[in-house]
1. Which condition number does GLU106 fail, the rest of (1) surrounded by 15 or more Cβ atoms within 10 Å (Cβ to Cβ); (2) of a type in the set (D, E, K, R); (3) touching a helix residue (DSSP H, G or I) at 6+ places or on another chain (Cβ under 6 Å) being met?
2. Quick test of your reading of the structure: GLY170 fulfils all but one of (1) over 19 Å from GLY76 (Cβ atoms); (2) touching a residue at least 24 places away in the same chain (Cβ under 8 Å); (3) assigned to a loop (DSSP other than H, G, I, E, B). Name the failing condition by number.
3. Can you pull out every residue in the stretch 128-167 that is hydroxyl-bearing (Ser, Thr, Tyr) and touching a residue at least 40 places away in the same chain (Cβ under 8 Å)?
4. State the number of residues belonging to the stretch 140-167 that are in a strand (DSSP E or B), farther than 21 Å from GLN87 by Cβ and among the small types (Gly, Ala, Ser).
5. Being in contact with a Lys or Arg (Cβ under 7 Å, 6 or more places away or on another chain) and surrounded by 16 or more Cβ atoms within 10 Å (Cβ to Cβ) is true for just one of VAL145, VAL162, VAL149, VAL136. Which residue is that?
Amino acid sequence: MSTTRTTLATVALAGMAGITLTACHPTEPIGHAQYTTPAVVTGDQAMPGEVLNSDSASDSDAQVATANLVDKDGNGAGAAGVVHNDQGTTLDIKLAGLKAGQYKAEVRSGGTCDPSDGFASTGAAVSGADVDGIAVAGDPATGAVSKTVNLDIDSLKGKSIVVLPAGDGGSPAACGVIVTG
């Protein structure tokens, strides 16, 4: 009788362990259920599901720079990627979470993006690195643009990318420090 109980207890424990382990399988698709933790983006990388400059980055001699953009509240607002190869320098900007509307981006001489000071420490605009025509629309609001710019990627070290409302300017909506290498 005790052998039967031991066998049943072992089978029951093995079954419970199997159910527990399958609930946390690493290849499980990302869910969007309420009260679950979303994916976290840290460091200098593309937003989840996005690859910046993927066509030109495959060149083995390509130089790459990136910037994670934050809004004036310090929340993630997108990403920027710069690739320099034999065809030139391309700046890709992808925005998310900003108010719908038209935006432009500027590379600035300052290398800090402090939301608490309204990004005032970003410095002056760098000539040849303006990107106009970033349309942000939808729910949630997103937008993207890709443009060839006239600058050397090495000159981006220590600089920032600032996103502003299009037109006569206004206060910056987002900012990111450019990291090369």
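1. Of (1) surrounded by 15 or more Cβ atoms within 10 Å (Cβ to Cβ); (2) of a type in the set (D, E, K, R); (3) touching a helix residue (DSSP H, G or I) at 6+ places or on another chain (Cβ under 6 Å), only one is false for GLU106: (3).
2. (2)
3. THR142, SER146, THR148, SER160
4. 2
5. VAL162
Quick grid of which residues meet (1) modelled with pLDDT under 90; (2) within 15 Å of VAL179 (Cβ to Cβ); (3) touching a strand residue (DSSP E or B) at 6+ places or on another chain (Cβ under 7 Å):
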{"position": "SER60", "(1), (2), (3)": "yes, no, no"}
{"position": "ALA67", "(1), (2), (3)": "no, yes, yes"}
{"position": "ASP114", "(1), (2), (3)": "no, no, no"}
{"position": "VAL136", "(1), (2), (3)": "no, no, yes"}
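The values are calculated or read from the model by the stated rules, or taken from the named source; none is laboratory data. Computed from a prediction, not measured in an experiment: that's the story for all the values here. Glycine gets a Cβ as well: all are built from the backbone with ideal geometry, and neighbour counts include every protein chain shown.
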